[in-house]
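Novice: Please see the structure below; I have some questions.
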Amino acid sequence: DAGVIQSPRHEVTEMGQEVTLRCKPISGHNSLFWYRQTMMRGLELLIYFNNNVPIDDSGMPEDRFSAKMPNASFSTLKIQPSEPRDSAVYFCASSRAGPTKNIQYFGAGTRLSVL
Amino acid sequence: EDQVTQSPEALRLQEGESSSLNCSYTVSGLRGLFWYRQDPGKGPEFLFTLYSAGEEKEKERLKATLTKKESFLHITAPKPEDSATYLCAVQGTDKFYFGSGTKLNVKP
């Protein structure tokens, strides 16, 4: 099992640029979560999908953030335009239904720096 | 308001010095409480899930317990490799909430 795969691992960009973060969930998992982690606010849930459908996006901070899940094996989180305050580590996690449902398995994260 | 509070924020132990981390929560319709370990530069790694008051889970030097208002993560005779941030998460009826974590440092 390859686990949740995120890319890139690090992203450095300038304010105003578009940033796209990518996630491949664990095969067979039907729920996918995007989180943001900062020292000040800890781990915050941004949005989650169930069977490729966005269920709760109330954590998305602004309209500059958008997320898509075109199929069961791929999701993107886009920030356009990016701002310095978006600098954080972004995690993707996935989970599956069944007896062990709701256990979320995390990727290694993308460290985003907006200059 | 649903929330999860972890204490202490940081804990320094000598190797072999047992202690406990606390996770207190207020959430409607608890569906599960989860403990994760996070090492620097990595994503949280799942440790335990607890679903009902009175439940306990153990793994090596770690033992997690759950009451109606809080959970404890007991660390028995810790080793330096147990140093990490331990995160508690609670699933309510509609959301998943993470605590801010306890940063554990075990010195040899």
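The values are calculated or read from the model by the stated rules, or taken from the named source; none is laboratory data. What you see is a predicted model, and the numbers here were worked out from it, not measured in a lab. Don't worry about glycine lacking a Cβ; one is built from the backbone with ideal geometry, like all the others, and counts go over all protein chains shown. Heavy atoms of the whole protein, side chains included, go into the accessibility calculation; ligands, DNA and RNA do not. Shrake-Rupley method; radii C 1.70, N 1.55, O 1.52, S 1.80 Å.
Novice: Quote the accessible area belonging to A:ARG96 in square angstrom, nearest 10, computed with a 1.4 Å probe and with ligands, DNA and RNA left uncounted.
Specialist: Roll a 1.4 Å probe over it and A:ARG96 shows about 120 Å².
Novice: How big is the gap, in Å, between the Cα center of the stretch B:42-58 and the Cα center of the stretch A:1-43?
Specialist: 24
Novice: A further question follows. Whenever you get a sec, line up B:TYR97, B:TYR36 from highest to lowest accessible area (probe 1.4 Å, protein heavy atoms).
Specialist: Details: B:TYR97 55, B:TYR36 0 Å².
From most accessible down to least: B:TYR97, B:TYR36.
Novice: Something else about it: Using only the Cα atoms of the stretch B:1-51, build the gyration tensor, take square roots of its eigenvalues as a ≥ b ≥ c, and label the shape rounded, prolate or oblate: rounded if a/c is under 1.5, else prolate if a/b is larger than b/c, else oblate.
Specialist: Prolate shape, in that a/c is at least 1.5 and a/b is the bigger ratio.
Novice: Cα gyration tensor of the protein assembly as shown, axes a ≥ b ≥ c as square roots of the eigenvalues: rounded (a/c below 1.5), prolate (a/b > b/c) or oblate? Intermediate values should be presented prior to the final figure.
Specialist: Numbers: a/c = 1.88, a/b = 1.46, b/c = 1.29.
Because a/c hits 1.5 or more and a/b exceeds b/c, the protein assembly as shown counts as prolate.
Novice: Turning to a different aspect of this structure: Run the accessible area of chain A with a 1.4 Å probe and give the carbon-and-sulfur part as a rounded percent.
Specialist: 50
Novice: Still on this structure, I have one more. Students sometimes get this wrong: rank A:TYR48, A:TYR105 by accessible area, probe 1.4 Å, all chains present, largest first.
Specialist: Ranking A:TYR48, A:TYR105 by accessible area, largest first, yields A:TYR105, A:TYR48.
Novice: Under 29 Å between alpha carbons, and skipping anything fewer than 8 positions from A:LYS68 in its own chain: which lysines qualify?
Specialist: A:LYS24, A:LYS78, A:LYS101, B:LYS42, B:LYS95
Novice: Per residue of B:97-107, count partner chain C-beta atoms within 10 Å of its C-beta, then hand back the mean as an integer. The partial results should precede the final answer.
Specialist: Working: counts 3, 6, 2, 5, 3, 0, 0, 0, 0, 0, 0.
The per-residue average across the peptide is 2.
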